[in-house]
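**Q** Below you will find the structure I want to go over with you.
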Amino acid sequence: MAITEKQLVSDLKAGKFAPVYLLTGDENYYIDQVSDFFEKNIIASDFVDFDRTIVYGGETDMLTVISLAQRFPMMSPVQLVLVKEAQNIATKEWDHLAAYLNNPQPTTVLVFCYRHKKLDKRTKGYKAIEKNGVVYEKKKLYDNQIPDWIDHVVTQHGFSITQKGAVLIAESIGNDLGKIANELSKIFISLPKGSLINDDVIEQNIGISKDYNIFELQTALGRRDVLQCNKIVNYFAANPKDNPIQAILPNLYSFFIKVMLYHQEPDKSKAAALLKVNPFFMKDYETAARNYTLGKLASCIGYLHDADLRSKGVRNNGTVSDGEILKELVFKIIH
């Protein structure tokens, strides 16, 4: 059966164990979180050497896993067999699991961590897990969902965060939840409980400049603010390691595509949902739509495409730096 993280953890805390668990999907952060819970909480620390076995898919096969699962626990009521990187076990081998699950060892908790992708639901193994055990599947969050996820995590840890702060982290770090969580942990350690996480706190603890970041560049471009655009792009050019052009261009491309979509949406009240943008930041798209015609926006997309090619060495023999490419790009966009 399928299950949510909350239900799964609640059952495990209550000692309600299924014979087999499949942790799967393309959101590795949650798979790792649930895997860690199994690893640290199912077997008492005094008995982990006896009744907890951890193997890796690239170093084992399904018949070996089944053999481990058929053993009896030595010191605990149950034994844990945790298979990490289970996606590296050949698909055809999963059919062997079906026979084991027809009569599973009742004192074994068998867990498969199938990261990066999903196990083929047509396999006998998947069908057997679904019938006899628990499937925990987590899909990757959409980019527009990341700020709300950050707000949720921050609240869970007893802090609060500004909307702009959550978007700033999301825009700067991307959709790698594990990386975001690690950066947030730096803030949690440095502040007393109940503190508000704002731009200044983020800059001091994570190193994301509150004034010179991709979010502020998009806002300045939307206003066609020549002075502010030049300040930001000069900062980026002077700090290329922290502001690589390969990370900047996709964000700008997404921004201008969304401005084009906003232009063409007849019902502006639906624009936030269409663009999958936090309504708090819709003013930036509204401003940009007033300042850029559809024709100019099409030109901007062309400028971005050209800058991307040049940053990869096309029509650039290496004499033009990424910083110079970025400066030229911004000049073309705002003029």
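**Q** Return a yes/no flag: does the stretch 261-272 have any residue that is within 20 Å of Ile150 (Cβ to Cβ) and within 20 Å of the chain's Cα centre (by Cα).
**A** no
**Q** Could you figure out which of (1) touching a residue at least 60 places away in the same chain (Cβ under 8 Å); (2) exposed (fewer than 14 other Cβ atoms within 10 Å of the Cβ) isn't true of Gly158?
**A** Condition (1) is where Gly158 drops out.
**Q** Look through Phe236, Phe188 and report the one residue that is among the aromatic types (Phe, Trp, Tyr), assigned to a helix (DSSP H, G or I) and buried (at least 20 other Cβ atoms within 10 Å of the Cβ).
**A** Among Phe236, Phe188, only Phe236 is among the aromatic types (Phe, Trp, Tyr), assigned to a helix (DSSP H, G or I) and buried (at least 20 other Cβ atoms within 10 Å of the Cβ).
**Q** Which condition breaks for Lys276 when tested against (1) in contact (Cβ under 8 Å) with a residue 40 or more places away in the chain; (2) more than 24 Å from the chain's Cα centre (by Cα)?
**A** The single condition Lys276 does not satisfy is (2).
**Q** Please verify whether the stretch 252-259 includes one or more residues that are of a type in the set (A, V, I, L, M, F, W, C), surrounded by fewer than 16 Cβ atoms within 10 Å (Cβ to Cβ) and touching a Gly at 6+ places or on another chain (Cβ under 9 Å).
**A** Checking the stretch 252-259: not a single residue is of a type in the set (A, V, I, L, M, F, W, C), surrounded by fewer than 16 Cβ atoms within 10 Å (Cβ to Cβ) and touching a Gly at 6+ places or on another chain (Cβ under 9 Å).
**Q** Which condition number in (1) in contact with a Leu (Cβ under 7 Å, 6 or more places away or on another chain); (2) outside any helix (DSSP H, G or I) is the one that Pro266 fails?
**A** Looking at each condition in turn, Pro266 falls short on (1).
**Q** Checking the condition free of Cβ contacts under 8 Å to residues at least 60 places away in the same chain, of a type outside the set (Val, Ile, Thr) and touching a Phe, Trp or Tyr at 6+ places or on another chain (Cβ under 9 Å), which residue from Ser76, Ser10 passes?
**A** Ser76
**Q** Being in contact (Cβ under 8 Å) with a residue 24 or more places away in the chain, aliphatic (A, V, I, L, M), touching a Leu at 6+ places or on another chain (Cβ under 7 Å) and under 25 Å from Gln87 (Cα atoms) is the requirement here; does Val153 meet it?
**A** For Val153, the condition - in contact (Cβ under 8 Å) with a residue 24 or more places away in the chain, aliphatic (A, V, I, L, M), touching a Leu at 6+ places or on another chain (Cβ under 7 Å) and under 25 Å from Gln87 (Cα atoms) - is not met.
Residue-by-condition table, conditions (1) at pLDDT below 95; (2) within 11 Å of Val20 (Cβ to Cβ):
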site: Val81; (1), (2): no, yes
site: Asn102; (1), (2): yes, no
site: Arg115; (1), (2): yes, no
site: Gly125; (1), (2): yes, yes
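**Q** Within the stretch 48-91, take every residue that is under 19 Å from Cys113 (Cα atoms) and of a type in the set (Gly, Ala, Ser) and give me the one that is surrounded by the fewest Cβ atoms within 10 Å (Cβ to Cβ).
**A** Only one residue fits best here, namely Ala90.
**Q** I've got another one for you. List pairs: first residue in the stretch 207-224 and free of Cβ contacts under 8 Å to residues at least 40 places away in the same chain and in a loop (DSSP other than H, G, I, E, B), second residue buried (at least 19 other Cβ atoms within 10 Å of the Cβ) and of a type in the set (A, V, I, L, M) anywhere in the structure, Cβ distance under 7 angstrom, at least six positions apart or on different chains.
**A** Every condition considered, the pairs that remain are Tyr212/Ile232.
**Q** Given the structure, is Leu326 under 30 Å from the mean Cα position of the chain (by Cα), within 25 Å of Asn243 (Cα to Cα) and either touching a residue at least 12 places away in the same chain (Cβ under 8 Å) or not in a helix (DSSP H, G or I) (or both)?
**A** yes
**Q** Can you tell me which residue among Glu216, Glu183, Glu203 is closer than 21 Å to Tyr30 by Cα, out of contact with any Leu (no Cβ under 8 Å at 6 or more places or on another chain) and of a type in the set (D, E, K, R)?
**A** Glu183
**Q** Taking only pairs six or more apart or across chains, which ones have beta-carbon atoms under 7 Å, a first residue in the stretch 79-92 that is under 18 Å from Thr108 (Cβ atoms) and in the same structural domain as Leu63 (by TED's automatic domain parsing), and a second residue that is basic (Lys, Arg) and part of a strand (DSSP E or B)?
**A** Between residues of the stretch 79-92 that are under 18 Å from Thr108 (Cβ atoms) and in the same structural domain as Leu63 (by TED's automatic domain parsing) and residues that are basic (Lys, Arg) and part of a strand (DSSP E or B), the close pairs are Leu80/Arg52.
The values are calculated or read from the model by the stated rules, or taken from the named source; none is laboratory data. What you see is a predicted model; the values in this text were computed from it and never measured. In this analysis, Cβ positions are derived from the backbone assuming ideal geometry, glycine residues included, and neighbour counts consider all displayed protein chains.
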